[in-house]
Amino acid sequence: MKRFYLFLIFLSPFVLMISVNENSRNNQVNIAASEESKKLNSSIAMTNRCTWACHSNTNYCKDYHTKLLSPYFHFTDPIYFGVINTLQSTGSYSFANLILFVIIGPLVLFIMLLRILRNWSIILQFRKTKK
């Protein structure tokens, strides 16, 4: 039974990610004149929402879509562009991106969560024996 709960804990971030992704698809469909803008994520630059144009041109996205974070760009830009440049320097940006953000990142977070749960149970056991 304990393994089942660990499996559910491990699976829950992926289920959440998929459900948010699929739910956001319903809100993104456009009814427009051109075929390009009918796509779920078109490459046409739009001022009212991010598209693939923002992925290819970060400065366009920063100009039109990131009003709240603009005072913090001097903190976040070196980290953001450092990660992008590091991933590009591997030779296979997409593969490195998948390995880092889809496999290693969630795995580290899952291991940290297991450590927290283990430490929490140790603390609870210690409190029980203290009484």
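FYI, it's all coordinate maths here, none of it is from the lab. Nothing here was measured: the structure is a model prediction, and the numbers come from that model. Cβ placement follows ideal geometry from the backbone for every residue including glycine, while neighbour counts extend to all protein chains displayed.
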Task: Difference of contour (0.36 nm per residue) and Cα-Cα distance, Phe75 to Asn97 - done: 5.7 nm
Task: Average Cα contact separation per residue, the chain, under 8 Å, 6 or more apart, as relative contact order % - done: 9 percent
Open item on the list: Taking θ = phi - 60°, what integer Hz values does the Karplus form 6.51 cos²θ - 1.76 cosθ + 1.60 yield along region 10-18, in sequence order, with x for Gly and Pro?
Closed with: 5, 7, 4, x, 6, 5, 4, 4, 5
Open item on the list: Please list, in order along region 47-63, the HN-Hα scalar couplings obtained from phi with the Karplus expression 6.51 cos²θ - 1.76 cosθ + 1.60 (θ = phi - 60°), rounded to whole Hz, x for Gly and Pro.
Closed with: 7, 8, 7, 6, 9, 5, 4, 5, 5, 7, 9, 4, 5, 4, 5, 5, 6
TODO: For the chain, give the magnitude of the charge dipole about the Cα centre (Cβ charges: +1 Lys/Arg, -1 Asp/Glu; no others), in debye to the nearest 20.
DONE: 1180 debye
Open item on the list: Once R0 is set to 30 Å, what does the formula 1/(1 + (r/R0)^6) return for the Cβ-Cβ distance between His65 and Arg115, expressed as a FRET efficiency to the nearest 0.05?
Closed with: 0.25
Task: Inter-label distance for Val15 and Asn85, nm, one decimal - labels placed 7 Å from Cα along Cα-to-Cβ - done: 4.2 nm
